[in-house]
Amino acid sequence: EAKQDLGRLLEEFERIVEILEKIEKDLLALHSEIPMANQLRSIKGLGTIFIAAILSCAGDLRQYAHGRQLLRKAGLNLAERMSGKHKGQIKLSKRGDATLRKYLYLATITLVGTNPVFRQMHENNVQIKQMKKQQSLFKLLGKLARILVGIVQRGEAFLPEKATPNYAPAA
């Protein structure tokens, strides 16, 4: 019985993988029609599904003057929590598109794992600047938002030299 269940699960897994591959091919076909998507594909590690999700939630990225506006739309801007006489901490507002927030976060995690530029920035934040890993991820998420809007505004491809600040060795 366990072997039969395992066989059924494997068949279901293979069927789902085929469906995902078909969806990804369809997304690639749609990306070729959107010039903005081709610019975003220049970022190594940012997959077609992430690009499609970000563009579908955020819309035309040319409408944003700065990456902070994209972060605000996702609800990733900072706001003070307070109630009555109570003054609270400064936290994320979360008053925005939850799907956009989710895909920006997942894209940042993926980029830290696959893109050497983002990995270097994350390691620098954690080791040299003594940030917690989650703090570093949210800082890089903001950087990703600024990069996405900047790439689309300027109409150019992603250049790692522009994204990486010049880290001077400690003297």
Inset, instruction - Please say if region 89-171 is rounded, prolate or oblate, where rounded means a/c under 1.5 for a ≥ b ≥ c the square roots of the C-alpha gyration tensor eigenvalues, and otherwise the choice is prolate for a/b larger than b/c and oblate otherwise? - result: oblate
Inset, instruction - Round to the nearest 10 and give me the degree value, 0 to 90, for the angle of helix 48-58's Cα axis relative to the longest principal axis of the chain. - result: 50 degrees
Inset, instruction - Kindly provide log₁₀ I(q)/I(0) values, in the same order as q = 0.14, 0.18, 0.19 Å⁻¹, from the Debye equation applied to equal alpha-carbon scatterers of region 1-62. - result: -0.52, -0.68, -0.72
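Within the accessible area of the chain, what % is carbon and sulfur when the probe is 1.4 Å and the other protein chains stay in place?
Details: 6310 of 11310 Å².
After summing per-atom areas, the C and S share lands at 56 percent.
When N counts the residues of region 58-112, how does its alpha-carbon radius of gyration compare numerically with 2.2 N^0.38 Å, as a ratio? Show your work: numbers first, answer last.
Numbers: Rg = 13.5 Å, N = 55, 2.2 N^0.38 = 10.1 Å.
For region 58-112, the normalised Cα radius of gyration comes out at 1.34.
Compute the accessible area per residue over the chain, keeping the other protein chains in place, probe 1.4 Å, unit Å².
Working: 11310 Å² over 171 residues.
Using a 1.4 Å probe on heavy atoms only, each residue of the chain averages 66 Å².
Using a cut-off of 14 Å between beta-carbons, work out the net charge of the residues near residue 29 (Lys and Arg +1, Asp and Glu -1, residue 29 not included). If you can, show how the numbers build up before the last one.
Details: positive: 22, 25, 41; negative: 21, 24, 26, 33.
After counting each charged neighbour, the total is -1.
Could you work out the Rg to Rh ratio of the chain, with Rh taken as the Kirkwood radius (inverse of the mean 1/r over all Cα pairs)? Write down the numbers at each step before the final one.
Details: Rg = 19.4 Å, Rh = 18.2 Å.
So for the chain, dividing Rg by the Kirkwood Rh gives 1.07.
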Inset, instruction - With a point put 7 Å past each Cα toward its Cβ, work out how far residue 60 is from residue 82 in nm, to one decimal. - result: 3.9 nm
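The values are calculated or read from the model by the stated rules, or taken from the named source; none is laboratory data. Keep in mind it's a predicted model, so treat the numbers as computed, not measured. Counting neighbours? That spans all protein chains shown, and the Cβs are built from the backbone with ideal geometry, glycine included. Side chains included, ligands, DNA and RNA excluded: accessible areas come from the protein's heavy atoms. Shrake-Rupley method; radii C 1.70, N 1.55, O 1.52, S 1.80 Å.
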